[in-house]
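First comes the structure, then the notes that go with it.
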Amino acid sequence: MAINLHQLKIFHTVARSSSFSRAAAELLISQPSVSIQVGELERQLGADLFELVGKSVRLTEAGRVLDDYAARILALIDEARGAVDELKGLRRGRLLLGATPTPGTYVLPPLLGRFKEQYPGIEIILHIKETRRIQEMLLAHELDLGVVGGKVGFPDLESSVFLTDELVLVVAPSHRFAALPAVRGADLAGEPFILRERGSGNREVVDDALHQAGVHVTPVFELEGAEMVKQAVAANLGISILWRCAVDLDVAAGRLRRVPVDGLEMKRAIWLVRRRDDRRSRAAQAFLEMIGSPAATVAAAASTTRAG
């Protein structure tokens, strides 16, 4: 039996994407080539690795066993390649990061810009996923570090506070709230609200905070992503509550107004997540050393962006 790394890489990509065609597109090879290599692997092992479910494929029991080994083998190969690159210093290498949408969109980009200035030869790959998927990718050795807004639920991962952000009320400049120094929670009850989609970290915190304050609001729109919400608020279609890091530039540019709400304080931690007892790449270690105090670093990067 002569299983090769090329076959394992193709098999693992199909397993992750649940599709031969998506795996082919990701690997930049033809779908027949993917099918041939997976078929050869099944012939060598004497077992079916996938079963067809509708238009997708899923792993058989034998496939799940092999995929666990494949993930570890491919991670070791990447680690070995990284170790060799590290002998050359930080002139080459990769930094694999994962983040949930808010920190991935508004917090990490200025930090990655600074990192790229210091280490131009390092390839940076950033995956924007939901919290659980980021954790799964860390455990599968597909990421070096994760930055998430949700709770960490796997014992093999450790987390530390990256920074703390707050949720703020934002309105259009023409809204009647825009001229007020502050509003009360009760003032929000009759307002049309534009909220993030259910299941998002933003929505969970907002719903919980409003419930604790005894404020009931009725959303007129539920939109996916902070950018869509901000566009709707700027058009005066309603008001919203969003993470401050997501609206700072819009407030500075005059597209939105931030209005304090008396008696309503909404904060959450954004977490830096990594594997326990895991050898970090030099690129990941250099990134951790660069950010030092994340809150101060983010604030400095944000002020530089606003000034530009």
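Laboratory data are not the source of any read-out in this text; all were calculated from the coordinates shown. Since we're looking at a predicted model, the values are computed, not measured. As a convention, Cβ positions derive from the backbone with ideal geometry for all residues, glycine included, and neighbour counts pool all protein chains shown.
The stretch between A189 and E227 holds 11.3 nm of extra length on full extension. This uses 0.36 nm per residue minus the Cα-Cα distance. Find how many whole Å separate the alpha carbon centroid of segment 7-52 from the alpha carbon centroid of segment 102-126. Their Cα centres are 32 Å away from one another.
If the chain linking K55 and A83 were pulled fully straight, counting 0.36 nm for each residue of separation and taking away their Cα-Cα distance, it would gain 6.1 nm. Rounded to the nearest 500, the helix-only mean residue ellipticity at 222 nm of the chain stands at -14000 deg cm²/dmol, with each DSSP H run of n ≥ 4 adding -39,500 (n - 2.57). Given q = 0.09, 0.18 Å⁻¹, what are the Debye log10 I(q)/I(0) values for segment 1-146, with equal point scatterers placed on the Cα positions and solvent ignored? Each listed q corresponds, in turn, to -0.35, -1.13. Would you mind checking segment 50-83 for residues with the amide N under 18 Å from a putative spin-label position 7 Å along Cα→C-beta of S18? Only 50-65, 67-68 fall inside the zone, counting backbone N under 18 Å. Annotation: for a label point projected 7 angstrom from Cα along Cα→Cβ of S33, residues of segment 40-64 with backbone N closer than 18 Å are 40-41. Modelled label positions at A235 and Q212, each set 7 Å beyond Cα in the direction of Cβ, lie 3.3 nm from each other. Using a Gaussian network for the chain with springs between C-alpha atoms less than 10 Å apart, which of these wobbles most: R244, R16, R132? Fluctuation is largest for R16. Measuring spread by the Cα atoms of segment 119-223 yields a radius of gyration and Dmax of 18.5, 54 Å.
Working note: Debye formula, equal point scatterers on the alpha-carbon atoms of segment 198-252, no solvent; log10 I(q)/I(0) at q = 0.19, 0.30 Å⁻¹ is -0.71, -1.38.
Of all DSSP beta bridges confined to the chain, the antiparallel ones make up roughly 60%. Straightening the chain between R198 and L5 buys 65.4 nm, computed as 0.36 nm per residue apart minus the Cα-Cα spacing.
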